[in-house]
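The values are calculated or read from the model by the stated rules, or taken from the named source; none is laboratory data. In this text the structure is predicted, and so the values were computed from the model without any measurement. No Cβ is skipped: glycine too gets one built from the backbone with ideal geometry, and neighbour counts run over all protein chains shown. Quick note on the areas: whole protein, heavy atoms, side chains included, nothing else; ligands and nucleic acids left out. Shrake-Rupley method; radii C 1.70, N 1.55, O 1.52, S 1.80 Å.
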Amino acid sequence: MAQFDGVVIGAGHNGLVCAAYLARAGLKVAVLDCEPEIGGGSSTKEFLLPGYQSNMHANFFIGLDDFPIVKDLELDKHGFKWLTPDVQHATLFRDGTAILLHRDAEKSAASISKFSQKDAESYAYLHRRFAVELAPLMRSFLFHPPLPPEEIASRMDSDAGREILSFAKTSIFEAIESHFEHPKMRALFFLFSHAITVENAPGTGIFLPSLFSTHTTLGLPVGGAIQLPLALERIVIQNGGVVLRSSHVREVIRENGRATGVLLEGGEKIMATQFVASSLNAPASIKLAGEDAFPDEVNQKVRNWDWGFHSLSTLHLALAEPPRYTAENFDPDVGRAYNIIFGADSGEEMAANTEERRNGLIPSQPMGNGSCNSQHDPSYAPDGGHVAFWWPGAPYELKDGGPRKWDEIKEEYTERLVDAWRGYAPNLTPDNVRAAKLYTPLDVERGNKNMVRGGVRMGAYIPEQLGINRPHPLLSGMRTPLESFYLCSSSCQGGGLNGAPGYNAAGVIAEELGVEKWWEPLPAPATPAV
């Protein structure tokens, strides 16, 4: 029986962030993962051919230049590097045109003005307001546990605060339509909402200012997404902790009303004198700890947890040369863009795609985003080769055959998706495509038990599962009714590679244990006078 100060269940990036902060604070921490490899959604494999590195889930890392985990943990000194391409996004349309968003907002506005001067001005305002003036406020909300509505209202009692809160009165589509008039500009942001899996429901309009605060901060992890968890693991180990693979937690051990360790499938106990934290999804975390430790309202909420209909399917390609897009004739910078978005020219097409996926149908018009990572970081592919991917949304549960049907239609659907991609990049011919493989929503679930139904966000982004409702008001502060048991997963504050749930849980645990924080926490949310 091993004994530590704390045990973290799950070695995805959030669990490792939590462990790294607390290990550097002097606590002896064990991180346990049931898989033979760590990383969770931050994973990289030679999925196609030897030497071709594919990021299996997360690819576009947000805010690496100024989010706290990078600076605090000095990740660059532990082997984690990244690139932030100047041309961040290119949205392509069937007529060969494109809208590009650069790190330079003036260049973005110039691209938009080819379609609508009014939209260019609206974009410039939203970028200045939320990516510059109010970006520190947006970060402070992300890197603090969710606040109850009344406290948010008091902290947002200013013109800036009221402007942000006004978005919460609308759906994400309504927010987009109220700020942009051109169908192509609307399609761009509709596809953004598709990429981050936001439901078009009342209250989700708040995602638009949040999106603007980080939308030109996308970074590519050098050498693959797996480099982030590997760097975090080094920090844990260098500070006296351990990271154990193939260690399946069966249950959380409880003694006298508090969490005191974990029991593994093989019968081994690993004890924790001060805390146990789970980076698994909320339903799995509650099950491990025991439903009898939680009120009925919590159990009812997680039993009915909405995983959303936004499952992840990924078409991976090994290529002789990168995709060459027809839209490069319209704007040569398309060829330098990091995030390539295509498949929809209007909101109506986006809505039709959504309805099909809700009904378990393969979309008649696939749409999504992707990248050719090797164009920006040659280490992703061997000399003379390239690797690319595309994320067209798809249902987990197929109407005709359920999720198992994916195994039957995988090859046929792969060919269809390559054809759809070729409509935008004509050079994706058989002599260029060395290998094409589809990673289906069923494959996602098989490869990562935490991603139930292929849901990479650990729960739908709907009002009932946002803010303090994610996962439940009694669990939203990273604490739980079970003493010494904490949550640090994307079921708390949402998915994406930002480390916020792990960061916030580490802060809460340090405060409750009276452990001195070696890092300087971000200031509490408060609206500036701008």
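Data table
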| quantity | calculated |
| --- | --- |
| Which numbered condition A351 misses (of (1) open to solvent by 20 Å² or more (accessible area, probe 1.4 Å); (2) within 19 Å of F173 (Cβ to Cβ); (3) in contact with a strand residue (DSSP E or B) (Cβ under 8 Å, 6 or more places away or on another chain); (4) among the aliphatic types (A, V, I, L, M)) | (3) |
| Single unsatisfied condition, N304 versus (1) within 30 Å of Y461 (Cα to Cα); (2) surrounded by fewer than 23 Cβ atoms within 10 Å (Cβ to Cβ); (3) touching a residue at least 40 places away in the same chain (Cβ under 8 Å) | (3) |
| Only one of F192, F167, F173 that is of a type outside the set (D, E, K, R), assigned to a helix (DSSP H, G or I), at pLDDT 90 or above and under 24 Å from the mean Cα position of the chain (by Cα) | F173 |
| Every residue from segment 195-209 that is in contact (Cβ under 8 Å) with a residue 40 or more places away in the chain, in a helix (DSSP H, G or I) and touching a Ser or Thr at 6+ places or on another chain (Cβ under 9 Å) | T204, I206, F207, L208 |
| Every residue from segment 356-375 that is touching a Lys or Arg at 6+ places or on another chain (Cβ under 9 Å) and not in a loop (DSSP other than H, G, I, E, B) | Q375 |
| Residue selected from segment 1-58 under the condition over 26 Å from N339 (Cβ atoms) and of a type in the set (K, R), by the criterion farthest from the chain's Cα centre (by Cα) | K28 |
| Helices (runs of 4 or more DSSP H) completely within segment 429-530 that count 2 or more residues being over 27 Å from R162 (Cα atoms) and open to solvent by less than 10 Å² (accessible area, probe 1.4 Å) | 441-447, 500-513 |
| Options K71, K45, K77: the member that is within 20 Å of V456 (Cα to Cα) and free of Cβ contacts under 8 Å to residues at least 40 places away in the same chain | K45 |
| Residue in segment 383-405 that is over 24 Å from the mean Cα position of the chain (by Cα), open to solvent by 50 Å² or more (accessible area, probe 1.4 Å) and closer than 24 Å to L92 by Cα present | no |
| Residue within segment 406-416 that is touching a helix residue (DSSP H, G or I) at 6+ places or on another chain (Cβ under 6 Å), surrounded by 19 or more Cβ atoms within 10 Å (Cβ to Cβ) and assigned to a loop (DSSP other than H, G, I, E, B) present | no |
| Residue within segment 358-374 that is under 27 Å from S489 (Cβ atoms), touching a Gly at 6+ places or on another chain (Cβ under 7 Å) and among the polar types (S, T, N, Q) present | no |
| Positions within segment 271-301 being of a type in the set (D, E, K, R) and free of Cβ contacts under 8 Å to residues at least 40 places away in the same chain, in sequence order | K287, E291, D292, D296 |
| Entirely in segment 248-344, the strands (runs of 3 or more DSSP E) that have 2 or more residues that are under 21 Å from C492 (Cα atoms) and either at pLDDT below 95 or among the small types (G, A, S) (or both) | 269-278 |
| Tabulated pairs, segment 250-270, first within 17 Å of L482 (Cβ to Cβ), second in a strand (DSSP E or B) and open to solvent by 90 Å² or more (accessible area, probe 1.4 Å), C-beta under 6 angstrom, 6+ apart or interchain | G257/E483; R258/E483; G261/K269; L263/R250; L263/K269 |
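One line per residue, one yes/no per condition, for (1) touching a residue at least 40 places away in the same chain (Cβ under 8 Å); (2) within 21 Å of L191 (Cα to Cα); (3) crowded, with 20+ Cβ neighbours inside 10 Å:
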site	(1), (2), (3)
E106	no, no, no
R129	yes, no, no
P136	yes, no, no
R139	yes, no, yes
L142	yes, no, yes
S158	yes, no, no
